[in-house]
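Below: one structure, written as C-alpha cells.
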Amino acid sequence: MTWAVLLTLAGLQALIVISPGPATLLCIKTSAAEGARSGLALTFGLALAALIWASAALAGLSLLFELAPYLQTAFRILGAGFLIWIAVAMWRHADTPLPDADRVVPRSLLSQIRLGVITNLANPKALAYFTAVFSGVMPADPSLASAAMILCVIFVIEFGWYAIVSLVFSRSGPRRAYGRAKRWLDRSFAAILTGLGIRIALP
C-alpha cells in the first residue's frame, strides 16, 4: 500500500467524520448535558464502531451485500428505526432543563460506550461510506500491516474529531449557550434525526 492511498483514505475519513450527522448531534448533546467524561466515553464507542465497519469492509462487506442485498436493506431499516428512537427520546426530554454542572449525574462509561457503538453501527452514513467509498479506495488485498495501519488511521481520526467536539461543548460557555437554547435545539435535532430516519427507511 502506498502513502498516497493511505492519505486518500485519511482525507475521506476526515471529510465523512466532520460532516454533520447523527453521531455529531448525539456527541454535542451528551457533552453539553453530562460533561466531557461522558462525551469522551461516547466518542470511544463511536470510534470503536468505525473500526468494526472498517474491519468488515476489509473483510469484504460490499461483496456480502452484493450476494445478499436483503442484508443491506435490513441494516438500513434497523438504522432508520434507531435514529427515530433517539429522536423521540430527544423530543420528549427537550423541556427538561440542564442541571447545574456540579450536580450532573452522568450515565456509566460503559453505557456511553455502548450507545456510541450502537449509534455508529446503525448510522446509515457509515454504512454507505464503508460499503461503497471506503471499499472502492482501499487496496485490493492489503497485507496485515497495511490493514492494521488503515484501522489505526480510522480510529485516530474518528476519536480525534469527536473528542474535540466533546471537549468544546462540555466547556461552560458552550454548555450555557446550549442550556439556553436546549428546548429548540433538542427539538431541531429530533426533527433532523426523524427526517434522516424516514428518508433512509424509504426505498
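The values are calculated or read from the model by the stated rules, or taken from the named source; none is laboratory data. Computed from a predicted structure; not experimentally measured. Positions of Cβ are generated from backbone atoms using ideal geometry, with glycine treated the same way; all protein chains shown enter the neighbour counts. With ligands, DNA and RNA removed, areas are computed over all heavy atoms of the protein, side chains included. Shrake-Rupley method; radii C 1.70, N 1.55, O 1.52, S 1.80 Å.
Looking at region 83-100, which of its residues are at pLDDT 80 or above and in a loop (DSSP other than H, G, I, E, B)?
Answer for region 83-100, where residues must be at pLDDT 80 or above and in a loop (DSSP other than H, G, I, E, B): there is none.
Return the residues of region 2-18 that are open to solvent by less than 10 Å² (accessible area, probe 1.4 Å) and under 16 Å from LEU167 (Cβ atoms); say none if nothing qualifies. Explain how you work it out, then say what you get.
We begin by selecting, within region 2-18, every residue open to solvent by less than 10 Å² (accessible area, probe 1.4 Å); these are 9, 13, 17.
Residue satisfying the conditions is VAL17 alone.
Could you list, in sequence order, all residues of region 172-188 that are open to solvent by less than 30 Å² (accessible area, probe 1.4 Å) and in contact with a Phe, Trp or Tyr (Cβ under 9 Å, 6 or more places away or on another chain)?
Hits for region 172-188 are TYR178, ASP186.
List, please: which pairs have Cβ atoms under 8 Å, are six or more places apart or on different chains, and start with a residue in region 167-185 that is in a loop (DSSP other than H, G, I, E, B) and end with one that is not hydrophobic (A, V, I, L, M, F, W, C)?
Pairs found: SER170/SER31; SER170/GLY35; SER170/GLY39.
Hey, ILE150 hits all of (1) modelled with pLDDT of 80 or more; (2) surrounded by fewer than 21 Cβ atoms within 10 Å (Cβ to Cβ) but one; which does it fall short on?
Looking at each condition in turn, ILE150 falls short on (2).
At pLDDT below 80, assigned to a helix (DSSP H, G or I) and open to solvent by 70 Å² or more (accessible area, probe 1.4 Å): is that true of LEU64 in this structure? Quick ask: steps written out before the conclusion?
On the way: at pLDDT below 80: yes; assigned to a helix (DSSP H, G or I): yes; open to solvent by 70 Å² or more (accessible area, probe 1.4 Å): yes.
Here the answer is yes, as LEU64 does meet what is asked.
Quick check on region 70-82: of everything there that is at pLDDT below 70 and either open to solvent by less than 80 Å² (accessible area, probe 1.4 Å) or not in a helix (DSSP H, G or I) (or both), which residue is nearest to TRP184 (Cα to Cα)? Spell out the reasoning first.
Going residue by residue through region 70-82, those that are at pLDDT below 70 are 71-72, 75, 79.
With either open to solvent by less than 80 Å² (accessible area, probe 1.4 Å) or not in a helix (DSSP H, G or I) (or both) added as a condition, the list becomes 71-72, 79.
Numbers: LEU71: 36, GLN72: 34, GLY79: 25 Å.
Checked region 70-82; the qualifying residue nearest to TRP184 (Cα to Cα) is GLY79.
Please go through region 19-57 and pick out each residue that is within 28 Å of ALA145 (Cα to Cα), among the polar types (S, T, N, Q) and open to solvent by 30 Å² or more (accessible area, probe 1.4 Å).
Within region 19-57, SER55 is the sole residue that qualifies.
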